[in-house]
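Reviewing the structure listed below.
What follows draws every value from the coordinates through simple rules; no lab data is involved. Only a predicted model underlies this, so the values are computations on that prediction, with no experimental measurement involved. Cβ: placed from backbone, ideal geometry, glycine included. Neighbour counts: every protein chain shown.
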Amino acid sequence: MTLRKWITPRFNKRFRKCIGIFSALAVFGTGVGIWLLADKMVTPRRMLIQDWQRKILNEPAEYGIAVDPFQVIASDGTKLEAILVMPHETPGTAKKRFGMGNRLHASGHGTENCGLVLLLHGRSGMKENALPITERFVAAGFTCVIFDARAHGQSEGRFCTFGQCEVDDALTVLEAARAREGIDSTAPTFGFGYSLGAAVLVQTLAKTDKIKAAATIAPFCDLEELVVYSSGKYSAGHLPHWMAKSVVRLGELRGGFRSQNLNPLTAATPIAVPTFVIHGKLDGVIPVDHGRQVFGAIPNENKRWREFDHATHGNILLEGGDDLYQEILEFYLSTIQ
């Protein structure tokens, strides 16, 4: 039988039908993939408090800190859970606090009341992740403000909006903290942000003059580029740009924001305060070039770049160790001395 005789009209009909079914399945599968990635983008996994964090909160004096939990209502009614972390007057062992205090004394710095530090955590993080950071920061006399970003930790909110709501949330929490009993509302305020928190901090610096200096760790500069880069963790390879754009557009529709209005690279251009940008060269979540671009866009001459050759996204503070913590604290202190 020849090929022409074998390909009958009936076969052609079935073949076209199969092609149509496969095409429909491919379109459907692509749509489902875009939906799942968009959902992952705007609905971060909520972390639960861990035993080591609960131990610090239950025995704060042992770690050299005093904690004052409080709640803030955002402008849209979302409840945000926050903690004010202060130096404890009668600290216990407090290894991190005393260790950093000794370092600062050796370099000629005191430990008097130096103001507030607003700390912003990363995507899928929570305020308690910053407790070890606050143990060191209180050694310089700082009071720290940590809070769960919307859609994270114990705070309300369904969607992460990458700065659309988070910038206003940060300023609202900061004002509430400055109004707490025993807080000197005239003392200077500093900013510290990690990952998503770093990008939000950059956007916040562009909209307020209330923060005197800032340290940002691993900020991203463009959300679409970030989706393309990070998609390799959830698929066989990086997404094509058209699909990444679809993921971002769908995420924007669900979260009620526009990423083009939340570009940290653009937000960096009016920053006038001293800014310290830190990034790991082996960062597999936010490429180091994002941090370099944000740093390059800051016009202020009083800025500092620190790149760690062997640091990833998750271990940069471990890689930098107390040397990095001390450098951040002295960077803050240099603006008030």
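For Phe98 and Asp76, what does the FRET efficiency come to when R0 = 35 Å and r is the distance between their Cβ atoms, rounded to the nearest 0.05? Numbers along the way, then the final one.
Details: r = 42 Å, r/R0 = 1.20.
Working from the Cβ atoms, E equals 0.25.
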Counting sequence-distant residues (5 or more places) and residues on other chains, those with an amide H built under 5 Å from that of Phe276 are Ala214, Ala215, Thr216, Arg304
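Is the chain best put as rounded, prolate or oblate by its Cα gyration tensor, with a ≥ b ≥ c the root eigenvalues, rounded for a/c under 1.5, and otherwise prolate when a/b is larger than b/c, oblate when not? Could you put the intermediate results ahead of the total?
Details: a/c = 2.47, a/b = 2.26, b/c = 1.09.
Prolate.
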Placing each pseudo-label 7 Å from Cα in the direction of the beta carbon, Arg45 and Glu307 end up separated by a distance in nanometres of 3.0 nm
Per GNM of the chain with C-alpha springs under 10 angstrom, the most fluctuating residue out of Leu174, Leu116, Leu226 is Leu226
Simple spin-label estimate for Trp242/Asn261, 7 Å along Cα→Cβ, in nm, reads 2.9 nm
Given a Förster distance of 30 Å, the FRET efficiency implied by the Cβ-Cβ spacing of Glu327 and Glu224, rounded to the nearest 0.05, works out to 0.40
The helix 288-297 Cα axis meets the longest alpha-carbon principal axis of the chain at an angle in degrees, between 0 and 90 and rounded to 10, of 60 degrees
Computed for segment 120-252: size of charge dipole around the Cα centre, +1 on C-beta of each Lys and Arg, -1 on C-beta of each Asp and Glu, debye to nearest 20, value 180 debye
For Met47, other-chain or 5+-apart residues with amide H closer than 5 Å (H placed, Pro excluded) are Gly153
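Which ordering of Val42, Val273, Val248, Val145 is given by a fewest-first count of other beta-carbon atoms within 10 Å?
Listed from fewest to most nearby Cβ atoms, that is Val273, Val42, Val248, Val145.
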Between the Cα axis of helix 316-333 and the main Cα principal axis of the chain, the angle (0 to 90°, nearest 10) is 50 degrees
Mean separation of Cα contacts under 8 Å (at least 6 apart) over the residue count of segment 188-337, i.e. the relative contact order in percent, is 25 percent
For the chain, averaging the sequence separation of alpha carbon pairs under 8 Å that lie six or more residues apart and dividing by its residue count, the contact order in percent is 15 percent
Around His290 (Cβ within 9 Å, Cβ-to-Cβ, excluding His290; K/R +1, D/E -1) the net charge comes to -3
Summing -39500 (n - 2.57) over every DSSP H run of at least 4 residues in the chain and dividing by its residue count gives a helix-only mean residue ellipticity at 222 nm, to the nearest 500 deg cm²/dmol, of -13500 deg cm²/dmol
A correct fewest-to-most ranking of Asp289, Asp283 by other Cβ atoms within 10 Å would be Asp289, Asp283
Most fluctuating of Gly314, Gly115, Gly193 in the GNM of the chain (C-alpha, under 10 Å) is Gly314
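So between Glu156 and Lys207, what do we pick up on full extension, going 0.36 nm a residue minus the alpha carbon distance? Could the numbers behind the result be given before it?
On the way: separation 51, 0.36 × 51 = 18.36 nm, distance 2.40 nm.
Gain on stretching Glu156 to Lys207: 16.0 nm.
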With +1 at each Lys and Arg Cβ and -1 at each Asp and Glu Cβ, the charge dipole magnitude of the chain around its Cα centre, to the nearest 20 debye, comes out at 2580 debye
Of Ala94, Ala177, Ala214, the most mobile residue in a GNM of the chain (C-alpha springs, cutoff 10 Å) is Ala94
Bridge orientation stat for the chain from DSSP, antiparallel percent rounded to 5, came to 35 percent
